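*Asks:* Could you have a look at this structure, given as structure tokens, before my questions?
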Amino acid sequence: MCGQIEEGAAKKFPQLNRMSVTEDIRNRLQAAFDPTLLEVVDDSESHRGHAGYRDGGESHFNVRLRSAAFQGQSRLQRHRAVHAALGAELVGRIHALSLDIDT
């Protein structure tokens, strides 16, 4: 019975199944790079009134990431790796993504 209630609620309220963009970014980067430092900051509120701002935020992000996985990679390679780890669907939900990536 409990499973039926949970399933019904998920269909009626799909947002219950969807994690926040911030959590999704954090989870994907953690899984892909096993970072020694990972900071994901939703900076959307400081862009209120600007292009791409959405009520509720989750449109503008600052990410600081440190991982040995980036050893020997150029800045462009690091950025491409992060975008690949996030995936096209998630990147498409983000208006602005500022990346500070290093080893």
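Bear in mind that the values in this text are calculations on the coordinates, not laboratory data. Just so you know, these numbers come straight off a predicted model, no measurement behind them.
*Asks:* 5 Å is the cut-off here: which amide hydrogens, built 1.01 Å from N in the peptide plane, fall below it relative to F61, excluding neighbours closer than 5 in sequence?
*Replies:* Under 5 Å from the amide H of F61: D43, A96, L97, S98.
*Asks:* Grab the Cα-Cα distance for S20 and R54, subtract it from 0.36 nm times how many residues apart they are, and report the gain in nm with one decimal.
*Replies:* Numbers: separation 34, 0.36 × 34 = 12.24 nm, distance 1.38 nm.
Taking 0.36 nm per residue and subtracting the Cα distance, the gain is 10.9 nm.
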